[in-house]
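Colleague: Mind having a look at this structure? Questions to follow.
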Amino acid sequence: MSVNYKELKKDRSSEWRQELRNLLSAKERLKGVRVKMSESSPDERNKNFFEVNNGITAEEAALEARRCLDCPTPTCISGCPVNINIPGFIKEIEKGDMKNAAIVLKSTNALPAICGRVCPQETQCEIKCIYNKIGEPPVAIGNLERYTADTERLSGEMSIPEVAEPNNIKVAIVGSGPAGLTTAGELAKLGYDVTLFEALHEFGGVLVYGIPEFRLPKEIMRVEIENLEEMGVKFVNNFIVGRTASFDDLKEEGFKAFFIGSGAGLPKFMNIPGENLINIFSSNEYLTRVNLMKAFKFPEYDTPIVKGKNVAVIGGGNTAMDSVRTAKRLGADRAMIIYRRSEAEMPARDEEIHHAKEEGIEFLNLNNPIEYIGDEKGKVKQMKAQKMELGEPDDSGRRRPRPMQGSEYLMDVDVVVVGIGTAPNPLIQQVLPELEMTAWGTIVVNDGMQSVTRPDIFAGGDIVRGGATVILAMGDGKIAAESMHNYLQNL
Amino acid sequence: MYKIVQREVLSKDVVKLVITAERISKSRKAGQFVIVKLGEKGERIPLTIADSDLEKGTITLIIQRVGLTSHKFFNIKEGDEVTDIVGPLGLPTHVKKLGTIIAAGGGVGIAPLYPIAKAFKEAGNKLIVILAARNKDLIILEDEMREFADEVLVYTDDGSAGTKGLVTSGVEHIINRENVDEVVTIGPAVMMKFVALLTKKYNIHTLASLNTIMVDGTGMCGACRVTVGGTTKFVCVDGPEFNAHEVDFDEMLLRLGAYVEQEKIAYENVLKGSDGGVE
């Protein structure tokens, strides 16, 4: 997506923005110290599932908003996959108009309370902030985004984006994760009759089954879905498009186009000996049991979970961090990250790594499991691992790990969670063989996120990218909605 | 939405439920299953679709009371609603005309065998059904099977119905009597293991339909993984049917015991009556 600088300039030159800029000199603004969001104490929070970050106060938000220099060419926006008008909403905060701040934010981002929590701002908008150039910490854009969304939600007066006159054109969204929710919202705004189909019994996709309560409370998800319902989006759960009804069935029922945002749900395993022993889980299973099925409340809830004493989580991404911090909260004595590279190569957000360390997670970097050993009941009891060292950079630019000869050792473990990534669900390929897919099972799309082999099918998020972030999925959803609109208006 | 329109107790621990699920009744094929969940706090469990009625828009599930969730299902009443049903899941049985088919079902495996046996008969095969269980009470669907099968043999461990003996005795009896082109077996993992060992000896292609622990049922969690021919497969999306000669039943058996301790706690709570029904 390209940034509309002309619009932004117009906004920026409005009278109130000029006045606001003149209130304080840049020098004064630069004196401000970046806000630090308060967090629950590590020793308490690693025993419960409440949210770790507590948000910022109104005073803190006002001070932080003041730090933003309202640059003539705001580079931060180019770092945002959905091009949020960042200075636009921050200056509304500084002015004290929280209602407008939310309106500006939501004009480009349908799920700000979620992005304010799970987006990697440090590598997107904040890294582009002018403060970095002078060696100062950037404006806390993510914190302000969260503050704006939370303030609006807690006020009980949510602004619902304007919806165009109904055009009675039916469109189907497959999957209710971030890509699907965004596309649904954008199409509803344009007046389409949008139905969102979800395979699970709850809506939100990875936001509800994958991301734990302590990072993203489910209440927030619920409110976002209510908003979309108010915009006219119909939600259908327990429905697998392609199975419960075929794409063609739905076409016959009047659906003119489809957006597939079915994600990358298939967990990867390492295929090493002993990996099918009991109590070796995929991150997906482990997190789904806890987050979606509330197994941490067993037996009040019917779904069980095994609470290990020595839990090894394999991988170094956000999912691995979510899993290991969950294990700690379930009462593990040792909750360990086993990662084959070093911390510098870890794909997880710095904040997650930092939080994990505070909570007492052990990091066994440059270690890799090679075999699991079970007891007579088939339960894992030991992990055979080896030490690694870093060699030459690979295709991703990260240094390739290689095993150190003779470094194998045994470690006692009673639960192992494999969090080394996911691949697209093969179901779409099974039911739509005419769709061109890559060798990795992702759907091949053009710039408009439209299938190159079936023009009525659009796709975005992990089913196209293979495994990326919430905000990139949302960016895809916006592009897809635009090109679906184009396609449907020219049918 | 998923209303119980008919409930019939087939035996002491086995209940048949006919449930409104219009979409699934149309799209399901023999061998496929659904994931069901009862109540806000319920767990997701897989159940094979035993039958469906296109006109009435219903599916039939047959459930044996063995643990917490099946107990709740047993206690459900006509007119009640099942909170969540999703499907049809899994790959349909590859049904074609092969000649003579043995459908060997044990205990709770008899219910999922029913639609597959029926489909093989409808495809023009000679169908011999062998039903086996611990005792008479656990032999279900015998009359229903007789409606289309060319022959139905019953075996019980205690001899309370049919011939005293195991399912394998029945299978071997038929194999020795006539040419058999394929065996389909569903039942406890141990039973399928021994059927597979037997038919391997006679080199008869054998399908086993596996029922494992699942959470989502759509390929997401991997709880259902089994080793087939040396590689890991997901029962939910790669199965539920596999070449029985390649399935590692010993591993499957162990994995089925993953939550034995937790299940016991939960089930005892229910039996104590603290949470006897559907919330």
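The values are calculated or read from the model by the stated rules, or taken from the named source; none is laboratory data. This one's a predicted model, so the numbers in the text were calculated from it and none came from an experiment. Here the Cβ positions follow ideal geometry from the backbone for every residue, glycine too, while neighbour counts run over all protein chains shown. Note: areas computed on protein heavy atoms with side chains; ligands, DNA, RNA excluded. Shrake-Rupley method; radii C 1.70, N 1.55, O 1.52, S 1.80 Å.
Colleague: What are the pairs with Cβ atoms under 9 angstrom where one residue, in segment A:236-255, is within 20 Å of A:Tyr192 (Cα to Cα) and within 8 Å of chain B (Cβ to nearest Cβ) and the other, located anywhere, is open to solvent by 40 Å² or more (accessible area, probe 1.4 Å) and assigned to a strand (DSSP E or B)? Sequence gap at least six, or different chains.
Modeller: none
Colleague: Would a scan of segment B:198-213 turn up a residue that is out of contact with any strand residue (DSSP E or B) (no Cβ under 7 Å at 6 or more places or on another chain), part of a strand (DSSP E or B) and either modelled with pLDDT under 95 or within 11 Å of chain A (Cβ to nearest Cβ) (or both)?
Modeller: Looking for residues that are out of contact with any strand residue (DSSP E or B) (no Cβ under 7 Å at 6 or more places or on another chain), part of a strand (DSSP E or B) and either modelled with pLDDT under 95 or within 11 Å of chain A (Cβ to nearest Cβ) (or both), one finds none in segment B:198-213, hence no.
Colleague: Now for a separate question. Determine which member of the set B:Ile128, B:Ile62, B:Ile85, B:Ile102 is outside any loop (DSSP other than H, G, I, E, B), within 14 Å of another protein chain (Cβ to nearest Cβ), of a type in the set (A, V, I, L, M) and out of contact with any Cys (no Cβ under 8 Å at 6 or more places or on another chain).
Modeller: The unique qualifying residue is B:Ile85.
Colleague: Filter segment B:213-251 down to the residues that are under 18 Å from A:Gly274 (Cα atoms) and of a type in the set (S, T, N, Q), then identify the one that is surrounded by the most Cβ atoms within 10 Å (Cβ to Cβ).
Modeller: Restricting to residues being under 18 Å from A:Gly274 (Cα atoms) and of a type in the set (S, T, N, Q), the top hit is B:Thr227.
Colleague: Please verify whether segment A:433-442 includes one or more residues that are in contact (Cβ under 8 Å) with a residue 12 or more places away in the chain, in contact with a Ser or Thr (Cβ under 8 Å, 6 or more places away or on another chain), crowded, with 20+ Cβ neighbours inside 10 Å and not assigned by TED's automatic domain parsing to the domain that holds A:Gly317.
Modeller: no
Colleague: Moving to a separate point now. Would you confirm whether any residue within segment A:270-279 is crowded, with 19+ Cβ neighbours inside 10 Å and either of a type in the set (Phe, Trp, Tyr) or away from chain B (no Cβ under 14 Å) (or both)?
Modeller: There is no residue in segment A:270-279 that is crowded, with 19+ Cβ neighbours inside 10 Å and either of a type in the set (Phe, Trp, Tyr) or away from chain B (no Cβ under 14 Å) (or both).
Colleague: Also, quick follow-up: Just give me the residues in segment A:393-410 being more than 14 Å from A:Ser342 (Cα to Cα) and open to solvent by less than 50 Å² (accessible area, probe 1.4 Å), in sequence order.
Modeller: Within segment A:393-410, A:Asp394, A:Ser407 qualify.
Colleague: Next question, about the same structure. With A:Leu266, A:Leu287, A:Leu330 as the choices, which residue is open to solvent by 10 Å² or more (accessible area, probe 1.4 Å), within 20 Å of the chain's Cα centre (by Cα), within 14 Å of chain B (Cβ to nearest Cβ) and not β-branched (Val, Ile, Thr)?
Modeller: On inspection, the qualifying residue turns out to be A:Leu266.
Colleague: For the structure I just gave you, tell me whether B:Thr69 is closer than 18 Å to A:Asn238 by Cβ and surrounded by 24 or more Cβ atoms within 10 Å (Cβ to Cβ).
Modeller: Criteria met by B:Thr69.
Colleague: Identify, by number, the condition in (1) more than 31 Å from the chain's Cα centre (by Cα); (2) at negative phi that A:Ile428 doesn't meet.
Modeller: (1)
Colleague: Could I ask something else about it? Read through the list (1) surrounded by fewer than 22 Cβ atoms within 10 Å (Cβ to Cβ); (2) at positive phi; (3) in contact with a helix residue (DSSP H, G or I) (Cβ under 9 Å, 6 or more places away or on another chain), then give the number of the only condition that A:Lys307 fails.
Modeller: So the condition that A:Lys307 fails would be (2).
Colleague: Among A:Glu224, A:Glu202, A:Glu152, A:Glu145, which is the only one that is closer than 25 Å to A:Asn53 by Cβ, in a loop (DSSP other than H, G, I, E, B), charged (D, E, K, R) and out of contact with any strand residue (DSSP E or B) (no Cβ under 7 Å at 6 or more places or on another chain)?
Modeller: Every option except A:Glu202 fails the conditions.
Colleague: Would you pick out the residues in segment A:202-235 that are more than 24 Å from A:Lys47 (Cβ to Cβ), open to solvent by 20 Å² or more (accessible area, probe 1.4 Å) and within 14 Å of chain B (Cβ to nearest Cβ)?
Modeller: Once the filter is applied, which keeps residues that are more than 24 Å from A:Lys47 (Cβ to Cβ), open to solvent by 20 Å² or more (accessible area, probe 1.4 Å) and within 14 Å of chain B (Cβ to nearest Cβ), segment A:202-235 yields A:Glu202, A:Phe203, A:Val206, A:Arg222, A:Phe235.
Colleague: Further question: Taking B:Lys136 as the residue in question, decide whether it is basic (Lys, Arg), at pLDDT below 95 and in contact with a Leu (Cβ under 6 Å, 6 or more places away or on another chain).
Modeller: no
Colleague: Still on this model: Go through segment B:233-254 residue by residue and tally those that are under 11 Å from B:Gly217 (Cα atoms), of a type in the set (A, V, I, L, M, F, W, C) and touching a residue at least 24 places away in the same chain (Cβ under 8 Å).
Modeller: Selection size over segment B:233-254: 3.
Colleague: On to the next question. Could you list, in sequence order, the residues of segment B:88-115 that are touching a Phe, Trp or Tyr at 6+ places or on another chain (Cβ under 9 Å), closer than 12 Å to B:Leu207 by Cβ and open to solvent by less than 10 Å² (accessible area, probe 1.4 Å)?
Modeller: Residues satisfying the conditions are B:Ile101, B:Ala103.
Colleague: Has segment B:76-87 got at least one residue that is within 18 Å of the chain's Cα centre (by Cα) and open to solvent by 10 Å² or more (accessible area, probe 1.4 Å)?
Modeller: The answer is no, given that none of the residues of segment B:76-87 is within 18 Å of the chain's Cα centre (by Cα) and open to solvent by 10 Å² or more (accessible area, probe 1.4 Å).
Colleague: Here's something else I'd like to know. Within the bounds of segment B:165-173, is there any residue that is open to solvent by less than 20 Å² (accessible area, probe 1.4 Å), under 24 Å from B:Met252 (Cβ atoms), in a helix (DSSP H, G or I) and in contact with a helix residue (DSSP H, G or I) (Cβ under 9 Å, 6 or more places away or on another chain)?
Modeller: Checked against the condition, which is being open to solvent by less than 20 Å² (accessible area, probe 1.4 Å), under 24 Å from B:Met252 (Cβ atoms), in a helix (DSSP H, G or I) and in contact with a helix residue (DSSP H, G or I) (Cβ under 9 Å, 6 or more places away or on another chain), segment B:165-173 yields at least one hit.
Colleague: Okay, moving on. For segment B:252-261, enumerate the residues that are assigned to a helix (DSSP H, G or I) and surrounded by 19 or more Cβ atoms within 10 Å (Cβ to Cβ).
Modeller: B:Met252, B:Leu254, B:Arg255
Colleague: Are there any pairs with C-beta distances below 7 angstrom linking a residue in segment A:335-360 that is of a type in the set (S, T, N, Q) to a residue that is in a strand (DSSP E or B), with the two at least 6 apart or on different chains, and if so which?
Modeller: As it stands, the answer is A:Ser342/A:Asn365; A:Ser342/A:Leu390, since those pairs meet every condition given.
Colleague: On to the next question. Within 20 Å of A:Pro217 (Cβ to Cβ) and free of Cβ contacts under 8 Å to residues at least 40 places away in the same chain, is that true of A:Lys328?
Modeller: For A:Lys328, the condition - within 20 Å of A:Pro217 (Cβ to Cβ) and free of Cβ contacts under 8 Å to residues at least 40 places away in the same chain - is not met.
Colleague: Another question about this same structure. With B:Arg7, B:Arg23, B:Arg28 as the choices, which residue is more than 17 Å from B:Asn211 (Cβ to Cβ), within 14 Å of chain A (Cβ to nearest Cβ) and not hydroxyl-bearing (Ser, Thr, Tyr)?
Modeller: B:Arg23
Colleague: In segment B:24-59, what residues are under 14 Å from the mean Cα position of the chain (by Cα), assigned to a loop (DSSP other than H, G, I, E, B) and under 23 Å from A:Thr288 (Cβ atoms)?
Modeller: Passing the criteria: only B:Gln32.
Colleague: Output the residues belonging to segment A:310-322 that are within 14 Å of chain B (Cβ to nearest Cβ) and either open to solvent by 50 Å² or more (accessible area, probe 1.4 Å) or over 27 Å from A:Asp394 (Cα atoms) (or both).
Modeller: Of everything in segment A:310-322, just one residue is within 14 Å of chain B (Cβ to nearest Cβ) and either open to solvent by 50 Å² or more (accessible area, probe 1.4 Å) or over 27 Å from A:Asp394 (Cα atoms) (or both), namely A:Thr319.
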